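Student: Pasting in a structure now, in structure tokens, and then I'll have a few things to ask.
The values are calculated or read from the model by the stated rules, or taken from the named source; none is laboratory data. Note that the structure is a prediction, hence the values are computed from the model and not measured. Backbone-built Cβ (ideal geometry, glycine too); neighbour counts: all protein chains shown. In case anyone asks, the SASA skips ligands and DNA or RNA and just uses the protein heavy atoms, side chains included. Shrake-Rupley method; radii C 1.70, N 1.55, O 1.52, S 1.80 Å.
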Amino acid sequence: MREMKKGLWGILAFLLVMICKSDVVFAAEEAAEYVPEMYATFWALIPPLVAIILALLTKEVYSSLFVGILIGGIFWSGFTFEKTITHVFQDGIVGVLSDSYNVGILVFLVVLGIMVCLMNRAGGSAAFGRWAAEHIKSRVGAQLATIALGVLIFIDDYFNCLTVGSVMRPVTDKHNVSRAKLSYLIDATAAPVCIIAPISSWAAAVTGFVEGEDGFSVFIRAIPYNYYAILTLVMMIAIVVMKMDYGPMKRHEQNALKGDLYTTSDRPYANAEASDDSGKGHVIDLVFPVVVLIIACVIGMIYTGGFFSGTSFIEAFSNSDASVGLMLGSFFALVITIVFYAVRKVLSFSESMSCIPEGFKAMVPAILILTFAWTLKAMTDSLGAAEFVAAVMEHAAGGLLNLLPAIIFLVGCGLAFATGTSWGTFGILIPIVVAVFANTNETMMIMSISACMAGAVCGDHCSPISDTTIMASAGGQCNHVNHVSTQLPYAVTAAAVSCVTYVIAGFIKNPLISLAAGIILMIGVLMVIRMMVGGREE
């Protein structure tokens, strides 16, 4: 670990020397549009790659993300001090925190933290844990219940991560399921479920990128080809039922069976408000707020899409603003929850108000990581990473037609992993695919669009700087690097099988036959891994 820290400080020292060697520019430039020398080159992908590698090596996410941000600022400024600092702080950190969409997500995150604190203090979480202990008898049952709830909450990935984590954490803790495993189950039922759910914020995003076509119809037809999402669900259920784990997750699960749910000493959510286990709470004190939250968030999202102005339900969801909808919905759910607890005399008004700072504090780690991740994405965008990948894709579009879905899937994985955004990957790749295949090969267009979506979700699922991955860590109250390192082997396994399935689909062009082949291959791969690593004793 000391060597890792020395390496980190060495990188910082090198960057400082490079800045000091450069010319210091203090005069404001009057140029109408500044384009850095490294714009739209391979160097644009270096900052996120450095941040990801450092985070995995040092197990320290904040400084790793900041080093990536700093490298992005240095590359953008051409190694000048003033422009580096102003770009990192003014265009980066201040810029992302001034964005209304990002602020809406942060407000939603804080409100969810407050509601979790309220449910804990009211005894709802403890009561649900007691109820679940009577009805859910095994670790397998606890994990399958988590997967089922994650599938049912398909509206939005942020909402999914935090809600499933809040509801199922007491249950999985009772059955000694590690926080790393809980975070994986949450993460794997967030984006992979949303991307195959027609009524979700993700469906709305995808339909908006398919210009010149019936976006919703294309999304529906692409669902059977979305192999990564479907195979991830198959893999999760198989791992739980077969009682197998591998990679770093195996050690976390073995330690959890001995009573240590975290494995590592770093527990950023350990100071979150503990559940009131005095017995005064009832299951309704958790179920009612969660149901109200779901209903309020759905109403909030269709409101932003114009449903109450005469727009149809489906169209309203397609036009919805997830940030505003979730923010408004969660606020009204919070107010209703406070009133509900006051009427039931479970919590007084002053006790409810004291949960506000506690809930905020519980979400500070997630807010910090999200802010740094958004800033790193801003640095990457300013270096033209999207334009670089788009140019590579356009040049590679010709030839090897049958292998193109697999190639698009891999490109989507790489881009989403490096940038931490699946929606941004949609925006880059889907228009290219539509332009290449529109009015020429409709089947290949649908298959390739689905490969874009699957690759984007896969890269987003693997990336430490993805907001969904960060939310899953918060929902499972798990150390973020622990979540990333334990989830990565599982996601890579699903990605490898998905890539082979896309190769098959490129030749067969039948979604059901290809999917059947992919499921058989996935089960076979897991059985081989189980033979190699052994099962898990309850």
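Student: Which ³J(HN,Hα) values in Hz, rounded to whole numbers, follow from the phi angles of segment 349-356 under the Karplus curve 6.51 cos²θ - 1.76 cosθ + 1.60, where θ = phi - 60° and Gly and Pro get x?
Tutor: 4, 5, 5, 5, 5, 5, 6, 4
Student: Then there's this: Just the accessible area for LYS243, please: 1.4 Å probe, Å², rounded to the nearest 10?
Tutor: We get 70 Å² for LYS243.
Student: What are the ³J(HN,Hα) values, in whole Hz, obtained from phi via the Karplus relation 6.51 cos²θ - 1.76 cosθ + 1.60 with θ = phi - 60°, for each residue of segment 168-177 in sequence order, with x given for Gly and Pro?
Tutor: Couplings: 8, 4, x, 6, 5, 5, 4, 9, 6, 8 Hz.
Student: Multiply the residue separation of MET532 and ILE237 by 0.36 nm, subtract the distance between their alpha-carbon atoms, and state the gained length in nm to one decimal. All intermediate terms of the calculation are to be shown ahead of the outcome.
Tutor: On the way: separation 295, 0.36 × 295 = 106.20 nm, distance 1.93 nm.
Stretched out fully, the MET532 to ILE237 stretch lengthens by 104.3 nm.
Student: How high is the FRET efficiency between THR264 and ALA516 when r is their beta carbon distance and R₀ equals 30 Å, given to the nearest 0.05? Working shown, then result.
Tutor: Numbers: r = 40 Å, r/R0 = 1.34.
Rounded to the nearest 0.05, the efficiency is 0.15.
Student: Right, another one. Gap in Å between the Cα centre of segment 454-516 and the Cα centre of segment 372-391?
Tutor: Result: 21 Å between the Cα centres.
Student: Which of the residue pairs LYS181/LYS243; LYS181/LYS250; LYS280/LYS361 have a Cα-Cα distance greater than 18 Å in the structure shown? Don't jump to the answer; show the numbers that get you there.
Tutor: Numbers: LYS181/LYS243 12 Å; LYS181/LYS250 9 Å; LYS280/LYS361 25 Å.
Pairs exceeding 18 Å: LYS280/LYS361.
Student: Also, I was wondering about something else. State the extension gain, in nm to one decimal, for the chain segment bounded by GLU351 and LEU403, taking 0.36 nm per residue of separation less the distance between their alpha-carbons.
Tutor: On the way: separation 52, 0.36 × 52 = 18.72 nm, distance 6.02 nm.
Length difference between fully extended and current span is 12.7 nm.
Student: In nm, to one decimal, how far is the modelled label at GLU134 from the one at GLU387, with both set 7 Å along Cα→Cβ?
Tutor: 6.4
Student: Could you calculate the contour length gain from THR86 to PHE308, that is, 0.36 nm times the residue separation minus the distance between their Cα atoms, to one decimal place in nm? Write down the numbers at each step before the final one.
Tutor: Working: separation 222, 0.36 × 222 = 79.92 nm, distance 4.34 nm.
Length gained between THR86 and PHE308: 75.6 nm.
Student: If you don't mind, another one. Using DSSP to call loops (not H, G, I, E or B), can you name the trypsin sites (Lys or Arg not before Pro) in segment 78-152 whose Cβ has at most 11 other Cβ atoms within 10 angstrom?
Tutor: LYS137
Student: Once amide H atoms are built 1.01 Å from N in the peptide plane, which residues 5 or more positions from GLY305, or in another chain, come under 5 Å H to H?
Tutor: ASP321
Student: Order of 160-172, 249-261 by packing, highest average Cβ count within 10 Å first? Provide the component values of the computation, followed by the final result.
Tutor: Values: 160-172: 26.6, 249-261: 17.2.
Highest mean packing first, the order is 160-172, 249-261.
Student: Okay, next question. Label points 7 Å out from Cα along the Cβ direction at PHE507 and ILE220: separation in nm?
Tutor: Between PHE507 and ILE220, the simple spin-label model gives 3.3 nm.
Student: Once each part is reduced to its C-alpha centroid, what is the distance from segment 116-134 to segment 46-60 in angstrom?
Tutor: 37
Student: Same structure, new question: Determine the sum of side-chain charges near ALA229: Lys and Arg each +1, Asp and Glu each -1, restricted to other residues whose C-beta is under 13 angstrom from that of ALA229. It would help to have the intermediate numbers written out before the result.
Tutor: On the way: positive: none; negative: ASP157, ASP187, ASP460.
Result for the local shell: -3.
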